[in-house]
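Reviewing the structure listed below.
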Amino acid sequence: GDEAFNMLNNCSCLVDVAAAQCTVPADKERELAAIGEAKFGRMNRTVAAALSAGAVAATTNVSEVDAFNCGEPGPLRALAEARVGDAFIAACAAGQLAVLVEL
């Protein structure tokens, strides 16, 4: 519902890979070095986009899209016509081309 949307949308504004915390500082240094500082911005945008897509999914409440992405196409194929628009919105928000093709 709205609470989940607000929480996920707000969290999407807080993403900062460089500010990540680890129990073992050496783990953070190793992982951030493996990512490379030049890619931090892209990673921040990717995680923020995923959180925003999750916010849309929470609002549209179309679990059939999730089922399709988990290898279960049946529920999406059986989706009532009245719910196709919501599935389309959720799939677009997450960049799920395979779902859009299936719809």
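The values are calculated or read from the model by the stated rules, or taken from the named source; none is laboratory data. As the structure is a prediction and not an experimental result, all values here were calculated from the model. With ideal geometry, Cβ positions are generated from the backbone for all residues, glycine too; neighbour counts draw on all protein chains shown. We work out accessible area using only protein heavy atoms, side chains counted, and drop any ligands, DNA or RNA first. Shrake-Rupley method; radii C 1.70, N 1.55, O 1.52, S 1.80 Å.
Between the entries (1) 12, 35, 34, 17, 3; (2) 15, 35, 26, 18, 5, 0; (3) 12, 13, 11, 10, 10, 9, 8, 7, 6, 5, 4, 3, 2, 1, 0, the label attached to P(r) over Cα pairs in 10 Å bins from 0, in percent calculated for this structure is (2). Simple rule: put +1 on each Lys or Arg Cβ and -1 on each Asp or Glu Cβ in the stretch 9-103, find the dipole, and look at 26, 95, 55; the Cα lying farthest toward the positive end is 26.
Overall, the stretch 1-68 carries a charge dipole of about 300 debye about its Cα centre when +1 sits on the Cβ of Lys and Arg and -1 on the Cβ of Asp and Glu, all other atoms neutral. For the set 23, 46, the ranking by accessible area, highest first and with no ligand, DNA or RNA atoms included, is 23, 46 under a 1.4 Å probe. Over the chain, DSSP H runs of length four or greater, each weighted -39,500 (n - 2.57), average out per residue to a 222 nm ellipticity of -20500 deg cm²/dmol.
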